[in-house]
Amino acid sequence: MVISNLSQFRYKGLKIEDRRWSKEWQIVFVFLILIIGLRHEVGGDWINYLLLLDSYDNTLSNNISYLFQDPAFILFNQLAIFTQWGIYLVNVLSAIFFSWGLTSFCRSQPRPWLALLIAVPYLITVVAMGYTRQGVAIGIAMIAMLSFTKGNIWSFVIWIGIAATFHKSALILLPLAALASTEKRFFTFVWVSLASLLLYVLLLQDAISNLIGGYIESNYQSSGAAIRIAMNAVPATLFLIFRKNFKLSYVEKSFWTWLSSSAIFLILVLVVSPSSTAVDRVALYWIPIQIFVLSRLPDALGSPQRKNTFWVILIVCYCALVHFVWLIYAETSFAWIPYQFYPWVWLWQ
């Protein structure tokens, strides 16, 4: 169906402001919320999130400082405890924020449906259905990226701050506001630095020792980390090589240039880091590069304003190959197989 209707992948050249939520995108948005939010025993961290929910129930009433760990995500858990809807409410609320960020980001691309397809193999399947907290943070980070490319740096910082209330690691993106700024760079650098320092003190300072002990000193390693980082680095490299072929504003080009350069730099970080897991988790925030670059690649390498069918089919096949290889060869893919939908499981219990 995807390949047979290539007109849906054709360059449309619409501005973000001109794109309204069509019925198709409303259906996609609801579908993503249901399929991600109401999954049952799906994801490598499913048990861990159940234990986390139980720990919040037992600990928060006796230790209010717990709120400063991941306040927004803890709020989701408290609502789940109060309503007795359990992990499914946590996942649905998380899926709403992730899906909103993802669909907004995809709809801002010239080929929105192709952008959505690119997100399926890893961002949706693995991250959103496996790393719930970080999935929400990445969804909100994509909203932040859209704000930045429209020239709203304040909005970018605020959205990243919100993302960090779900997973503190989102703060890693804050320096981009200073690096990619195209106007009043010194002023931007100063206030972004102050905002970063404030968010660090409020959200990250107390967690640094735990992060160092949990990842660095323990030498945690993630199988496939190099491949996942390469999946960001390859499109980043393509963007830097063919940057002139991408139809972008000066602000957009600056932002994606810095993001692409840092994606490549993560390869070096992986080489020297004692923990590939730490680098692997940080690299998740660079996944939007895959969506942004690959969805625009047919127009960058092909003929402008044309279908560029060959390049579209090539990218579709690449996505299918990524999904296939992950399902068959990934050491943790068993945690996603078979996919189970909670209402269906509940109905047959």
Index of the failed condition, Asn62 passing every other in (1) at pLDDT 75 or above; (2) surrounded by fewer than 22 Cβ atoms within 10 Å (Cβ to Cβ): (1)
Test: Ala278 is of a type in the set (A, V, I, L, M), more than 19 Å from Pro235 (Cα to Cα) and surrounded by 23 or more Cβ atoms within 10 Å (Cβ to Cβ): yes
Matching residues, segment 105-160, being hydroxyl-bearing (Ser, Thr, Tyr) and surrounded by 24 or more Cβ atoms within 10 Å (Cβ to Cβ): Thr132
Failed item in (1) within 17 Å of Phe246 (Cα to Cα); (2) part of a loop (DSSP other than H, G, I, E, B); (3) touching a helix residue (DSSP H, G or I) at 6+ places or on another chain (Cβ under 9 Å), with Leu297 passing the rest: (2)
Matching residues, segment 65-88, being over 24 Å from the mean Cα position of the chain (by Cα), modelled with pLDDT of 90 or more and of a type in the set (Ser, Thr, Tyr): Thr83
Any hit, segment 94-103, residues being under 17 Å from Phe31 (Cβ atoms), surrounded by 22 or more Cβ atoms within 10 Å (Cβ to Cβ), out of contact with any Pro (no Cβ under 8 Å at 6 or more places or on another chain) and β-branched (Val, Ile, Thr): yes
Enumeration of residues in segment 38-56 that are out of contact with any strand residue (DSSP E or B) (no Cβ under 9 Å at 6 or more places or on another chain) and assigned to a helix (DSSP H, G or I): Ile47, Asn48, Tyr49, Leu50, Leu51, Leu52, Leu53, Asp54, Ser55, Tyr56
Among the candidates Ala320, Ala335, Ala278, residue that is part of a helix (DSSP H, G or I), within 27 Å of Pro110 (Cα to Cα) and either at pLDDT below 95 or among the small types (Gly, Ala, Ser) (or both): Ala320
Test: residue in segment 35-53 that is of a type in the set (Gly, Ala, Ser) and modelled with pLDDT under 90: yes
Residue list for segment 329-343, filter: more than 22 Å from the chain's Cα centre (by Cα) and touching a residue at least 12 places away in the same chain (Cβ under 8 Å): Gln340, Phe341, Tyr342, Pro343
Residue identified as under 24 Å from Val282 (Cβ atoms), part of a helix (DSSP H, G or I) and out of contact with any helix residue (DSSP H, G or I) (no Cβ under 6 Å at 6 or more places or on another chain) among Ala128, Ala95, Ala72, Ala115: Ala72
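The values are calculated or read from the model by the stated rules, or taken from the named source; none is laboratory data. Predicted model only: the values in this text are computed from it and were never measured. Ideal geometry is used to build each Cβ from the backbone, glycine not excepted, and the neighbour counts take in all protein chains shown.
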